[in-house]
Every structure is written in structure tokens, then in C-alpha cells.
Amino acid sequence: MKTILKILGILIVLVILYAVFAMLAFSKDYHFERSVVINAPKEKVWQFAGSTKAFNSWNPFIKPDKNIMITYSGTSGEVGDSYSWKGNKDVGEGQQTVTAVVPNEKITSKLHFIKPFEGEATANFILTPEGNGTKVTWTMDNELNTMMKIMKPMMESQMGKTFDQGLGDLKKLAEQ
């Protein structure tokens, strides 16, 4: 019994030490990105990344809810192009609005998350020529609150899987 209590005590101390380390060491500024090279010209890739409706044809974040409710507004592919979503607990609720567009090169969006956690982020799709294809870089930037700093390693793992899934689906669509 004493051995179990010692192990439990050590685990609790390690968790506390990690939490303190994460709060002090991890910056509140968070940047995440993934890239893929697609064997298609950037004009074709842009058809699947240059508007909120196009993005939602492969958006990995909405896939966990087959009954998600999406409402679009604004002019597709232009500043102000927007969609709101409301889904199950896995998808949450929020809004994404295009804030800048350089056709066939870059689209920037502001994300407002409402549920399960309130938050703001900025996302970019950047298309650059690479060989005979197009390199697509998907970025997301936001500020981490204390709890998110503690969860950063788990969050990065999940974000990596989700971004990779989405970029893989984009690649399949654009290469058809």
C-alpha cells in the first residue's frame, strides 16, 4: 500500500511540476502550420481553398458531425465571405470570416470559436509554386490561455492529425 501511495504522490508532483513548467515556459502566442505539395497548378488548387464553401468541401474540423448546421454569408471568395457553424460536442460552434484575399496565392480568415471554448484565431492558406505543382501551407495563430498552455502537447498532436487529414483530402480533390 505504501508503494502505491508513493507512486501516486510522485505522479501528482510530476503533474504539478509539468503544469507550472507549461505556464511559465510556453509562450501565449501559438503558431501551427502544415504543408503539402499538390500535383496541380495553383489556379486549380485555389478552387478548393479560395472561399469558405470551397474549404468546407474538405474541412476536417466539420467531419465529426454529419448533421452540422452551416450558414454562409458574404460574397464567396472575397473579403467578408463567412460561414457560421453549429455542431455536436466534437465540432462546437463558431464563425470563420475571410479578412484578406490575394487570388490564387493567399486567403486569410478570422476564426471566432464560441463552443466548447470561447476563442479567436487567424488562419491562412498560402499557395506557392513548387516544381510542376503547388505547395499549400495552412497556418493557424492564436493566444493560449493558461489551460491551453498546459494542454499544448496534446493540442499539437490533435492539430497535426487534423491538418494532415484536411491537406490530404485537399490533395485528392485538386489532383482529380
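If a residue counts only when it is at pLDDT below 95 and among the charged types (D, E, K, R), which strands (runs of 3 or more DSSP E) contained entirely in segment 1-117 have at least 2 such residues? Even if it seems obvious, please write down each step before you answer.
Working: elements: 29-38, 69-73, 82-86, 93-102, 106-115.
Ranges flagged: 29-38.
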request  = Give the residues of segment 90-119 that are surrounded by 13 or more Cβ atoms within 10 Å (Cβ to Cβ), among the aliphatic types (A, V, I, L, M) and closer than 19 Å to residue 76 by Cα, sorted by residue number.
outcome  = 98, 101, 107, 111
remark   = Counting only residues in segment 120-141 that are of a type outside the set (Val, Ile, Thr) and within 12 Å of residue 96 (Cα to Cα), the one most open to solvent (accessible area, probe 1.4 Å) is identified as 120
request  = Would you check which residues across segment 28-73 are under 22 Å from residue 155 (Cβ atoms), open to solvent by 80 Å² or more (accessible area, probe 1.4 Å) and more than 16 Å from the chain's Cα centre (by Cα) and list them?
outcome  = 28
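Here is a check on your reading of the model: is residue 120 closer than 19 Å to residue 30 by Cβ, of a type outside the set (Lys, Arg) and either in contact with an Asp or Glu (Cβ under 7 Å, 6 or more places away or on another chain) or modelled with pLDDT under 90 (or both)?
No; evaluated as a whole, the condition is false for this residue.
The values are calculated or read from the model by the stated rules, or taken from the named source; none is laboratory data. All figures in this text were calculated on a predicted structure; none of them were measured in a lab. Positions of Cβ are backbone-derived with ideal geometry, glycine not excepted, and every protein chain shown enters the neighbour counts. Only protein heavy atoms, including side chains, enter the accessible area calculation; ligands, DNA and RNA are left aside. Shrake-Rupley method; radii C 1.70, N 1.55, O 1.52, S 1.80 Å.
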